[in-house]
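Let me begin by presenting the structure, written as structure tokens, before commenting on it.
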Amino acid sequence: MAVFSSTEELQDVMSLLWHEIKESPDMANKLIQSKLIVQFRYREPEGLLTIDCSDAETMKIYTGPINIKPMIEMSMKADIAHEFWLGKVNVPMALMMGKIVSRGPTPKALALLPVIKPAYAIYPGVLEGKGKNAQMAG
Amino acid sequence: MTSFTQAFKFQNPTIINFGLDTASGIADLVAELGGSKALVVTDQGLVDHKIVNPAIQSLEESGCKPVVFSDVPPDSDLQCVERAIEYAKREGCDVVIAIGGGSVIDTAKAVNIGLCNEGDLRDFEGINCLTHRLKPMILVPTTAGTGSEVSAVAMIRDKENGKKLLYGSRFLFADIALLDPRLLVSLPPHLTAATGLDAVTHCLESFVSTTANAVSDSLALEAGILLFANLPRATSCGDDLEARSSTLLASCMAGLAFTNAGVGVVHALAHTIGGKYGTHHGLTNAVLLPFGLRLNMSTTEKLYARFWRHLAGSGVSRDMPYTSLVYDPSLNDEQAALALVVAVEELLKLCGLPRSLRELGIPELTDEVVMELAEVAMTDPAIMFNPGEVTVENLVDILREAF
Ligand SMILES: NC(=O)c1ccc[n+]([C@@H]2O[C@H](COP(=O)([O-])OP(=O)(O)OC[C@H]3O[C@@H](n4cnc5c(N)ncnc54)[C@H](O)[C@@H]3O)[C@@H](O)[C@H]2O)c1
Ligand SMILES: [Fe+2]
């Protein structure tokens, strides 16, 4: 069974998590310095999340369709995203196994993985705040 | 490899067709793939050396008129790829053949993307984002190093934007890798050694990578033996077909290994240095390999020891003067792992390869440049597969020591 039951629930959780990341200077500053616009495209259920750091000053977080051209697109099942934020996904392995599709300069996005690692500890709390259990997708 | 319980996928849809003079039969392979007009991507040096002749003759005799594009520079760029695409479209080519080293092969792969997808090639940069099969592709390596003939990636320089574009997709696997050792007889000693060390680096980095698995390990180990045993001879006696055959096979096997297990810190630095100074990929790996091995020693001692025991146990030191590969069962893991690093250094010496970045023609490295290189290397995808965590400081140290 999929972890998220609807687009709304998925986007809500992801948006909340990214707002927490935005509030954490250690993570936010380095992400903003990257000046990247990264779009996450989820399926099962469908969902869209865009993180725009292009002005090098603020991190803007959008859910749903938006008229911004991302520099990097990462597409995956929503369950993979859930497992990722639980710290259970080896991203290079997932790319090799075809579970993640990355369009654009992938290395730039991969380089930010260590930066967002502290968010693994935040995610279970975000889920609980939404009445969900981190163990749902094992 | 960490545990047999870890999930993995090993894939290689490419038919490996190996044998002396197999290039003369390439027309049959084109016919098997249903092709009638083949684009042959190569470079001028290979045309001048007549290395492409057996394949061209085979195609001409079969009535499959080859369309030859020989304008590929070392470390190919987007403009070259675009010219080749235009040419192939104009001629109506339905099969893509590459005859050359990694630069030619990567070019052919990118050309194939452009032949089957409309729009700017930059828009297809990424991993897994091609959505459909490309034209049938036959890749014929004339160097023994990159393993590009069995890999699912291509790297192309985008001079305009000063970066390297990375394409990774299962649709970049060739239909056929045609390995004809005779095509390598003319490869000069320094290129034989340099490209060979690319393959050695593929073996050693894939063997300890975070995504290594039992299948990739077996290929890396066996390819390692073939390379340590034969690369010095292939370098000094270019017409030794036994040595050429062994190293060509090993390079292909190492290619299968890294395609499924990834590489590591040595490749991350080599990509970065090559991107900035245009140094040869294999040569840059050669210089950096001992440093990369030492950096990873604390996390991979057991694996290096295993690699050494396999190498030394195969008896390579009977035919080649490696003092560090005389099998000694009393060595503990630490001693065996260190012996592996010394064996790599002995191999570099036997092949007459440089030991410093300075010898590759890199000018003085200022603190600023070292930091810039280290930071760029930290964003190279290869580093993600490195067994131990790597810091910018680690890379700065390697760059300083290797200079
Ligand atoms: N796609 C992959 O999986 C992959 C992996 C590793 C490296 N690469 C790429 O491969 C490139 C390097 O390839 P390479 O090391 O094979 O070198 P290369 O293709 O750049 O060739 C180097 C030189 O060798 C000459 N040459 C090749 N074969 C010859 C022969 N048989 N006789 C005489 N001369 C010959 C060529 O004309 C050229 O001048 C780099 O661009 C690197 O990025 C790709
Ligand atoms: Fe390589």
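Of the cross-linked pairs A:77/A:132; A:69/B:135; A:108/B:302, which ones have a Cα-Cα span greater than 25 Å in the structure shown? Please report the intermediate quantities before stating the final value.
Numbers: A:77/A:132 18 Å; A:69/B:135 30 Å; A:108/B:302 32 Å.
Checking Cα-Cα distances, A:69/B:135; A:108/B:302 exceed 25 Å.
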Using Cβ counts within 10 Å as a stand-in for footprinting exposure, how do A:54, B:216 rank, fewest first? A:54, B:216
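Helix-only mean residue ellipticity at 222 nm, chain B, DSSP H runs n ≥ 4 weighted -39,500 (n - 2.57), per residue, nearest 500. What is it?
Counting only the DSSP helices, I get -16500 deg cm²/dmol.
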Taking R0 as 22 Å, what FRET efficiency do you get between residue B:334 and residue B:355 from their Cβ-Cβ distance, rounded to the nearest 0.05? 0.40
Kyte-Doolittle at least 0.5, axis length at least 27 Å by Cα - qualifying DSSP helices, chain B: B:189-208, B:214-236, B:241-261
Once each part is reduced to its C-alpha centroid, what is the distance from the range B:68-99 to the range B:170-190 in angstrom? 17 Å
Percent RCO, i.e. relative contact order, over chain A, from Cα pairs under 8 Å lying at least 6 residues apart: 26 percent
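Tally the DSSP beta bridges in chain A and give the antiparallel ones as a percent, rounded to 5. Could you put the intermediate results ahead of the total?
Working: 13 of 19 bridges.
Looking only at bridges with both residues in chain A, the antiparallel portion is about 70 percent.
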Over 25 Å between alpha carbons, listed pairs B:50/B:163; A:35/A:130; A:30/A:60: B:50/B:163; A:35/A:130
Between the range A:6-32 and the range B:1-58, what is the separation of their alpha carbon centroids in Å? 47 Å
Long-range amide H partners of residue B:164, meaning residues 5 or more apart or on another chain whose placed amide H is closer than 5 Å, are B:158
For chain B, give the share of DSSP beta bridges that are antiparallel, in percent and rounded to the nearest 5; count only bridges with both residues there. 25 percent
List every residue whose amide H lies under 5 Å from the amide H of residue A:47, counting only residues 5 or more places away in sequence or on a different chain, with H placed 1.01 Å from N in the peptide plane. A:42
Exercise: per-residue mean of other protein chain Cβ atoms within 10 Å, B:59-67: 0
Normalised contact order of the range B:46-148, rounded percent, pairs of Cα under 8 Å and 6 or more residues apart: 29 percent
Short version: ³J(HN,Hα) in whole Hz for each residue of the range A:77-90, in order, from phi by Karplus 6.51 cos²θ - 1.76 cosθ + 1.60 (θ = phi - 60°), x for Gly and Pro, what are they? 5, 4, 4, 5, 4, 4, 5, 4, 6, 8, x, 9, 10, 7
Name the residue, out of A:27, A:76, A:93, whose mean-square fluctuation peaks in a Gaussian network model built on chain A with Cα pairs under 10 Å. A:93
Cα centroid distance between the range B:224-257 and the range A:74-138, in Å? 41 Å
Fewest-first sequence of B:52, A:91 by Cβ atoms within 10 Å of each Cβ: A:91, B:52
Quantify how strongly other chains surround peptide B:261-274 by giving the mean number of their Cβ atoms within 10 Å of each of its Cβ atoms. 1
Tell me which residues come under 5 Å, amide H to amide H, from residue B:179 once H is placed; ignore anything under 5 positions away on its chain. B:17, B:18, B:19
Tell me, what HN-Hα J-couplings in whole Hz come from the Karplus equation 6.51 cos²θ - 1.76 cosθ + 1.60 at θ = phi - 60° for each residue of the range A:119-126, using x for Gly and Pro? 6, 4, 6, 7, 4, x, x, 4
Taking the Cβ of each residue in B:116, B:351, B:203 as the centre, tally the other Cβ atoms inside 10 Å and list the residues starting with the fewest. B:116, B:351, B:203
What does the structure give for B:377-386 when I average, per residue, the other chain Cβ atoms found within 10 Å of the residue Cβ? 5
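Laboratory data are not the source of any read-out in this text; all were calculated from the coordinates shown. Owing to the predicted nature of the structure, the values given are computational and were not obtained by experimental measurement. We place every Cβ from the backbone using ideal geometry, glycine too, and count neighbours over all the protein chains shown.
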